[in-house]
Each structure stands twice: as structure tokens, then as C-alpha cells.
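Beneath this line is the structure, given in C-alpha cells, with notes to follow.
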Amino acid sequence: MKGIIGRKIGMTQYFRPDGTHVACTIIEAGPCKVIQKKTVETDGYDSVQIGYGVRKESRTTNAQKGHFKKHNSDSMQVVREIRDFDLEKESGDEITIEIFAEGDRVSVEGVSKGKGFQGVVKRHGFAGVGMATHGQHNRERAPGSLGAGSYPSRVFKGMRMAGRMGSDKITLKKVPVEKVIAEKNIIYIKGAVPGRKGSIVMIKKN
């Protein structure tokens with residue numbers, strides 16, 4: 001497993017050498033710094049803790065300051081951990097976008113856009129009650145009956161209802177890498193990647 005942290009810039013269309021074009025997400029990935037290397041002997045498992053972006057000292061908690069100081073690292077904005085890291089990296093080493101190449105298939109993790117409190121039509125794709133006659137008035141987008149009557153006199157868990165929508169962690173698997181611009185730390189990922197512009201994403205490859 002190898003990976004890198006990045007920031008979503010936006011979307012564009014990319015023209016391949018054969019003339020075909022595909023929709024791509026542009027991600028500014030890295031450079032990331034190795035903060036800590038964990039081993040089975042010291043921590044019970046193998047992993048590498050990496051950081052992305054420099055954070056102001058005034059916005060860093062004392063616990064974080066102590067952790068970064070212990071490993072001779074600057075305060076980082078984003079810290080992630082990757083288990084069973086393939087590359088031979090030690091604390092202080094850098095990870096760049098060059099660990100990926102065009103044609104690789106990667107997994108991309110991101111947090112989807114938050115849409116707030118939404119009804120059942122938008123959240124679950126309900127069709128609505130139907131006809132606007134026969135006493136429906138303005139209830140076309142209502143969820144309708146929730147099921148049980150006098151017994152068991154409650155709503156079952158998992159019932160599709162209105163509620164908070166979005167802000168979920170989503171992982172896209174086996175997404176092709178269309179282009180890598182190493183000198184600018186830019187990678188083109190085919191298709192849409194979850195999250196708004198500027199959101200943090202994680203790119204991994206087994």
C-alpha cells in the first residue's frame with residue numbers, strides 16, 4: 001500500500017493522445033512529510049503517519065505540538081495514517097506525486113458535499129404522493145405512511161425518512177490516473193471525486 005494526501009482543485013476535460021477526451025478531477029497532491037513510522041514491535045502494527053500542509057502554531061493544540069516536536073516535524077494541517085506502507089520511508093522523508101504513474105488504478109477517499117436537512121424526495125429518490133387531487137393539497141413531497149399502526153406503535157429503525165444528507169466519507173475504487181504533472185504536484189483522476197473544491201482527499205494504491 002502507498003498513498004498521498006491532496007487537495008481537490010476542480011474538474012476539467014482531458015484529451016488523450018488518441019484524441020478521445022474524458023472528464024477528470026484535478027488534485028494537487030503532496031508533497032507530504034513522513035511524521036512517524038510505526039512498527040509491530042513499538043505499536044503493535046506497521047504503518048506510516050504522513051502530514052500535508054503547514055499549520056500555524058497558534059492553531060495547533062499542545063498535544064499536537066508535543067507529537068510533532070517529538071518527531072522533529074513542523075505542525076501539519078492534515079495527518080493521516082497508512083497501514084502496510086510499501087515504500088521505504090523514515091521520519092522526515094518526503095512523499096511526492098511521483099509514486100503514481102499514468103495508467104495506475106487508485107482508490108480515492110473524500111467527504112461528500114454536505115446538503116443539510118433534506119426531504120425524502122431529494123434524499124432517497126421518492127416519487128412523491130402522486131396526484132395533486134383527492135385532498136392532497138400541498139402534500140405531494142410528503143413521505144406518506146410510516147407503516148405500523150397500534151402495534152408495534154413505533155417507527156422501525158432504518159426507515160427511509162427526511163434527515164441530514166451528505167458529509168459522508170466516500171471511497172472510489174480502481175479509478176484510472178489519466179495524467180501526472182510531477183513538477184506541479186498535480187494529478188488528473190478520471191471522473192468526479194467526492195467533495196467540494198478545496199476539500200482534502202486521500203489517494204491510495206495497493
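None of the figures in this text is laboratory data; all of them are computed from the coordinates on show. What you see is a predicted model, and the numbers here were worked out from it, not measured in a lab. Virtual Cβ from ideal backbone geometry, glycine too; neighbours counted across all protein chains shown.
Under 8 Å for C-alpha pairs, at least 6 residues apart: give me the relative contact order for the chain, rounded to a whole percent.
Once normalised by length, the contact order is 32 percent.
Considering the dipole of the chain built from charges on the beta carbon (Lys and Arg +1, Asp and Glu -1) around the Cα centre, which of G198, Y14, L87 is farthest to its positive end?
Result: G198.
At a threshold of 8 angstrom on Cα-Cα distance, excluding pairs fewer than six apart, so keeping six or more, what relative contact order does the range 1-104 reach in percent?
Value for the range 1-104: 32 percent.
Highest mean first, how do 75-84, 153-162 rank when packing is the count of other Cβ atoms within 10 Å averaged over residues?
75-84, 153-162
Which value, in debye to the nearest 20, gives the size of the charge dipole of the chain about its Cα centre, when Lys and Arg are +1 and Asp and Glu are -1 at the Cβ? Intermediate values should be presented prior to the final figure.
Working: 37 positive and 22 negative charges, 255 e Å.
Taking the Cα centre of the chain as origin, the dipole is about 1220 debye.
Charges on Cβ only, +1 for Lys and Arg, -1 for Asp and Glu, centred on the Cα centroid of the range 89-206; of P176, S153, F117, which one is farthest towards the dipole's positive end?
S153
At 222 nm, what helix-only mean residue ellipticity would the chain give, in deg cm²/dmol to the nearest 500, using -39500 (n - 2.57) for each DSSP H run of four or more?
Rounded to the nearest 500, the figure is -2000 deg cm²/dmol.
Which part of the range 36-57 falls in the paramagnetic zone of S91, meaning amide N under 14 Å from the point 7 Å along Cα-to-beta-carbon?
Label zone hits: 36-39, 42-43, 48-51.
Rank A63, Q77, N138 by how far each Cα sits towards the positive end of the charge dipole of the range 5-138 (+1 on Lys, Arg Cβ; -1 on Asp, Glu Cβ) and give me just the farthest.
With unit charges placed on the Cβ atoms, the residue in question is N138.
Based on the Cβ-Cβ distance from F15 to R196, what FRET efficiency comes out when R0 is 30 Å, to the nearest 0.05?
It comes to 0.70.
With a point put 7 Å past each Cα toward its Cβ, work out how far E140 is from K113 in nm, to one decimal.
About 2.4 nm, to one decimal.
Based on the Cβ-Cβ distance of V54 and E183, what FRET efficiency does E = 1/(1 + (r/R0)^6) give at R0 = 25 Å, to the nearest 0.05?
On the way: r = 20 Å, r/R0 = 0.81.
Approximately 0.75, to the nearest 0.05.
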